Every structure is written in C-alpha cells, then in structure tokens.
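Taking it in order: structure first as structure tokens, then the write-up.
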Amino acid sequence: MSMGTRAGTVAIVGLPNVGKSSLLNRFLETKLSIVTASAQTTRERVVGIDTRDGIQIVFVDTPGVVDPAYLLHHSMLEIIERTVADADVVVLLLDATKHPPTLPTPIEERLAASRGSLVVAINKIDRARPGDVEALQRWTVDHFGAAAEEVSVATGEGVDSLRQELGVRLPPSPYLYPDDDISTQSVRFFVSELIRETIFEQYADELPYSSAVEVEEFRETEDPLYIRATIFVERPSQKGILIGRKGRALRELGVAARAKIEDFVQQRVFLDLWIKVLPKWRKRPSDLRRFGFPVPE
C-alpha cells in the first residue's frame, strides 16, 4: 500500500428490486450477495471489498427501502439509516423502468444530509422506454442538484465509469483491509444467505418472507464439511410446506442449497437441514436480536 491509495465505504441504497445486490456482485466480479426475482430478498448489510488500482472500496449492500409493515421492516430501515450515516459515499440506485421513488422521510433526510457524498445512479437503462431515463434525470437534479450516472448492471454498461466516480470521492487512506479480502463477514453468514436464496427460488407467496436461517454447527475440519442449519418459520403449516410429502420438498431444497454452498466454499459439503416453528418472530424484539437484527428504540 502506497501513500497514494484511497479507501472507504460506499453504501448502496434504493427501493426493492432496483438491482442493488446485482450491482455489488458486478463490482466484485463474483456472486457475493444473493439475488432473486422477489422483492426484499436482502435483509441485512452485505459487505463486499473491491481492491484495485490503488483504491479499496468497501461496498455495503442494504435492504430495499420499504414502508414498514412490522418490526423486521423497522429493523431493516434502521440498518439502512446507520449504513448511510457511516458511509463515505452513498449510491442511490434507481430503476429506469419505474417512476421516481417515494422514499420514507427518515431515509430522504439521511440522503439529503449526505448530498456532498451522494451519487445517484439509474440502472436498467437497457430496458428503459424512450423518455424514462430523462424523467429520472430531471427528478435527480430537482432533488439532489446533480445529474445521475446511467448504468446497466445486466450488460455492464456504465459500471466501470460509476466505480471510477466512486473511487475518486473516497478519502486518501491506507487500505482498511488486506487487499485480497473480499468481505468482512463470515462463511457461516453466506451459507445462511444461500439457503435463504434457495427458499426464495423454490417456494412461493409468503413462506420465504416468513423464514429465517440459523447455522448452528459448522465443522470446518471435517471432509465433507458438516453444516447443520435450522430454518425457522412462523406457522406449522409453513413447516409442512417446507418438508413436503414424505420429506421430498426438504430434500430438494437441501440438494439445491448444498450445490450453491459447495460452489461458494469450494469443497464437499454435508448439509443437515432442520425446520422449526418460531411464531411471529418478525414482530418480536427478542427473536430479531437472536438473528442479529437491530431493534429500533
């Protein structure tokens, strides 16, 4: 690390399904943050470290901004507010195929306070209709006083330019982490996320949103790597759906999740999945704390 390096944190915020997690993965050139077609897949901060060309960017993917319906949503908004407050630079990601967003007042106030370090980026320009991008550009100038970057995470268009813009906004600093680190979070965390991603892919309706995953045992010295994880749901009927007839659904879930985990850890895995009912966990402060979520005062 030379004296000419720059380093800092960049928070990625926006409404659900605008492409925040996909943008993080595109920056890192690897899949770190889970991605599904469903909204509100991301519940927690996901940290990805991108070090190159004398610049270390610590990206922080955040949950989608929603109007809170229960305590878990309030917790997710708390995560966003804290992340924005702590970041050196904030990226507000917009969807070129949607109308300008209406943000909750606390988030809009945080972004307004971060105006000097705020970069607005319009994603999905490859799918936009004529005039859509221009409308969002006008909204961005009206709200934040500067034009937005234009990108397509799907094709990669504009992503390098956006990264360069973020890099020059970071302060001169030694690297915050070793230059070969890709995240500050544990393998256990990403294992639980991959299991959650598989639940979103294989089950519909409310069940994925009612699920939480806890990795309870992780025997790194064994071959295959032994992982015992529990999936918590809110109702007995959801437990039955997860298990399926004669356990078939749970076996299919385990096979698909294990393949993802093996690809991530690059070794064989024995995945031991269990299902438990934890009623109303999304609304109970003690349960949210158990799963590592902040509980607003």
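General observations
- For the stretch 247-297, applying the loop criterion from DSSP together with a ceiling of 15 other beta carbons within 10 Å to the trypsin sites (Lys or Arg not before Pro) yields R268, K280.
- Of N123, G244, V295, farthest towards positive along the dipole that unit charges on Lys, Arg, Asp, Glu beta carbons give the chain: G244
- The peptide list 62-71, 80-89, put in order of mean Cβ contacts within 10 Å with the highest first, becomes 80-89, 62-71.
- Under Karplus coefficients 6.51, -1.76 and 1.60, residue-wise ³J(HN,Hα) of the stretch 214-230 in Hz, glycine/proline x: 10, 7, 9, 8, 8, 9, 5, 7, 8, 10, x, 4, 8, 10, 10, 10, 10
- Of F200, F232, F218, the one that fluctuates the most in a GNM where the chain has Cα springs shorter than 10 Å: F218
- Share of Cα-Cα pairs in the chain lying beyond 33 Å, as whole percent: 27
- Against the chain, whose longest principal axis is taken from its Cα atoms, helix 159-169 shows a tilt of about 70°.
- Projected label distance in nm at R219 and H99, using a 7 Å step from Cα toward the beta-carbon: 5.6
- Our helix-only sum for the chain, with -39,500 (n - 2.57) per DSSP H run of n ≥ 4 divided by its residues, gives a mean residue ellipticity at 222 nm of -11000 deg cm²/dmol.
- Per-residue Cβ neighbour counts within 10 Å put F190, F59 in the sequence F190, F59, beginning with the fewest.
- Among I199, S161, L15 the positive-end extreme of the charge dipole of the chain (Cβ point charges): I199
- Straight-distance crosslink candidates among lysines, where the alpha carbon sits under 25 Å from K283 and sequence neighbours closer than 8 are dropped: K239
- Phi to ³J(HN,Hα) by Karplus 6.51 cos²θ - 1.76 cosθ + 1.60 over the stretch 286-297, Hz, x for Gly, Pro: 5, 6, 4, 4, 4, 8, x, 8, x, 10, x, 5
- Between K283 and I182, the modelled labels are 4.0 nm apart [label points 7 Å from Cα along Cα→Cβ].
- Residues whose amide H lies under 5 Å from that of V119, counting only those 5 or more places away or on a different chain, are V90, V91, L92; hydrogens are built 1.01 Å from N in the peptide plane.
- Rounded to whole numbers, the Karplus 3J(HN,Hα) couplings from phi for the stretch 106-116 are x, 6, 4, 5, 4, 5, 4, 5, 9, 3, x Hz, using 6.51 cos²θ - 1.76 cosθ + 1.60 with θ = phi - 60°, and x at Gly and Pro.
- With neighbour counts taken as other beta-carbon atoms within 10 Å, the residues S21, S173 rank, fewest first, as S173, S21.
- Within the same chain, lysines fewer than 8 places from K124 are excluded, and of the rest, those with a Cα less than 30 Å from its Cα are K20, K31, K98, K260.
- Available extension along the chain between R129 and D67 is 19.6 nm, counting 0.36 nm per residue and deducting the alpha carbon span.
- Between helix 248-265 and the chain: long-axis angle, C-alpha atoms, 0 to 90°, nearest 10: 50
- Neighbour counts of other Cβ atoms within 10 Å put K20, K98 in the fewest-to-most order K98, K20.
- Acute angle (nearest 10 degrees) that the helix 187-202 long axis makes with the longest principal axis of the chain, alpha-carbon atoms: 80
Every read-out reported here was derived from the displayed coordinates using simple, explicitly stated rules and does not represent laboratory data. Owing to the predicted nature of the structure, the values given are computational and were not obtained by experimental measurement. We place every Cβ from the backbone using ideal geometry, glycine too, and count neighbours over all the protein chains shown.
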